[in-house]
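Worksheet for the structure shown next.
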């Protein structure tokens, strides 16, 4: 598991505390009943807080599974400035 | 607080605890404000499970109206400009033609008037906290944005007038005072995407302020302060009376500010004492010679100067005041003294004083919080004086004859008020804060107090007392109800300042006489601290200390000790109850 995956999993655990790590890493809006629009917005805010990034509201709708969020964060990291901030 | 931490606090809370339920009425999506508010409340009330429910998006007025009917015990109303007129926000684009500005002003004023009415109506049933706009006024007019436009000035005036009326309401309304660094409060991206206008930082900031108002907390009763290097800069014994300072010239202004705060607290009825390791004579001279002291000798009771360990001085002060250590704050510049007193009295809040301006400003805010009260009542103002008097009045220690003679000569007056006044804050305070003479230790919220008095068979008996030594104000509160030929007493408290005056006997006599019943049923329960109440019950003719405790009319009047009070009874006009 990458560092991004670990940190993302921590965020997911905070939003979905009763779901196992195994299910969380495979979770999506379609497969996890608790994952509603409020959870999406909360998760986006947590990710912004944990990763010190800003997420464009237009991008929030695409953050609909663990895998898609992990990919998004990976791309953010690749485009990050030398001081670590993502733009 | 970080959102992560807020969520962890909520997920970790014990759902089996009694719920502390808050209704959040706002026009925006409640979102992270709801989360933060619940988390802060959970932190402040660990004995409860915090629950914050919210209403319908976009319906601030409707949500405010829902507070009264909700299951919540308190309501929080959060208002932003866009809730009053969408043209003051960014989610709707209707144009900002200069010709529209008067209409925007008129519509906003109308909305505020309606909202004010709804808040007042809700506060008649529940405690309501109001948070008026914290976001910047939108830049509608043509003016330089660094200046205030006529529209902004007009609407802020309307808002200020509304705030002025709300804080003076007799019902349970608190208007939030969100002072602090508001930083980047507005999150336009979040407002457009989710209808939530606040940055996470601002939502956390507001929620913390709200929780400080919403959560019940125990107000402290007494403050014990050191003198040297705390009330003044310098050591009295070393520097001499003329060489201790508290002014700008001597870079000691922060001590003067602290003195000012002590003086204000004393005048508001907070018990203030000094505990100093000094020669008593020198301390007396200090207060006699230095008339420029901001805090006066009469503000302190007692002014305890001694070379004994500080904890022993504090112990004597607590005995003089007759209050528990958990109701007291101790302040001293010396870390050793703070530690020593803290070890002896772990339930006492002990603060190490330092003279930095930042510390004193924070202490000011902290002490205002710890000793907060919405209004300063006559009982508060005379509290210190009455304790002083109580210590001087030589109550006979032995023999009924001595006591009868003493009480006869007191020229005591009792004012008995029978009512269903649910706004009697002093009576509720007596029931909630008194320990030694408290019938069963049951504490009531504002709502429970109010709901008790809705029943037309219920009543509140509030008792005021004065004698030749001066007034004590309202010193007893009793909640009772008629059940057939009985009066059932569900709550009863008597201030410890009024002990040894047979006031408790006078209350029972009044119940028998005014209510014309044959029996009084006291729903008492033993607590850790109501030993005085238990002694009183043991002195009554009855069937032993059982719940309920029955007082039969005939037996009571047969055994009641002589009472010398001049009793004035007032029965409230709203009282159709057949008392």
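Points worth noting:
- Helix-only [θ]222 nm of the protein assembly as shown, DSSP H runs n ≥ 4, -39500 (n - 2.57) each, per residue, nearest 500: -13000 deg cm²/dmol
- Shielding score for B:247-255, defined as the mean number of other chain Cβ atoms within 10 Å: 0
- 0 to 90° range, to nearest 10: angle between helix B:335-344 axis and chain B longest Cα axis: 60 degrees
- Going from the fewest other Cβ atoms within 10 Å to the most, the residues B:125, B:443 appear in the order B:443, B:125.
- Nearest-0.05 FRET efficiency for residue B:376 and residue B:249, computed from C-beta distance (R0 41 Å): 0.80
- Axis angle, to the nearest 10 degrees, between helix B:253-267 and the longest C-alpha principal axis of chain B: 60 degrees.
- Top of A:44, A:52, A:27 by mean-square fluctuation, Gaussian network on chain A, Cα under 10 Å: A:52
- Take each residue in B:25-37, count the other chain C-beta atoms within 10 Å of its C-beta, and the mean is 1.
- Folded to 0 to 90 degrees: helix B:378-392 orientation relative to chain B principal axis, Cα: 30 degrees
- Distance between the stretch B:451-526 and the stretch B:150-205 - C-alpha centres, whole angstrom: 44 Å
- Label zone of residue B:289 (point 7 Å out along Cα→Cβ, amide N under 12 Å): in the stretch B:238-267 this covers B:238-244.
- Highest-first arrangement of B:74-84, B:480-490, where packing means the average Cβ count within 10 Å: B:74-84, B:480-490
- Out of every Cα-Cα pair that the stretch B:85-167 contains, those further apart than 22 angstrom amount to 31 percent.
- Normalised radius of gyration (Cα atoms, divided by 2.2 N^0.38 Å) for chain B: 1.12.
- Mean per-residue shielding of peptide A:41-54 is 3, counting Cβ atoms of other chains within 10 Å of each Cβ.
- Of the Cα atoms belonging to chain A, the radius of gyration and Dmax stand at 12.3, 39 Å.
- Point-to-point label distance, residue B:144-residue A:20, nm (Cα→Cβ direction, 7 Å offset): 6.7 nm
- Once the Cβ-Cβ distance of residue B:528 and residue B:164 is raised to the sixth power relative to R0 = 56 Å, the FRET efficiency obtained is 0.80.
- Globularity ratio of the protein assembly as shown, using Cα Rg and 2.2 N^0.38 Å: 1.15
- Separation in nanometres of the label points that stand 7 Å from Cα toward Cβ, at residue B:96 and residue B:136: 1.1 nm
- Mean Cβ count within 10 Å, highest first, over the residues of peptides B:31-40, B:239-248, B:444-453: B:31-40, B:444-453, B:239-248
- Spatial separation of Cα centroids for the stretch B:89-148 and the stretch A:8-87, in angstrom: 36 Å
- Residue B:409-residue B:448 FRET efficiency (beta carbon distance; Förster radius 51 Å; 0.05 resolution): 0.80
- For the stretch B:265-338, the C-alpha radius of gyration sits at 1.11 times the compact-globule guess of 2.2 N^0.38 Å, with N the residue count.
- Sorted largest first, extent of the stretch B:447-579 alpha carbons per principal axis (Å): 37, 34, 31
Quick note: the coordinates plus some simple rules give every number you see, no bench work behind them. Worth saying up front: this structure is predicted, and the values here are computed from it rather than measured. When we count neighbours, we look across all protein chains shown, and the Cβ atoms used for this are built from the backbone with ideal geometry, even at glycine.
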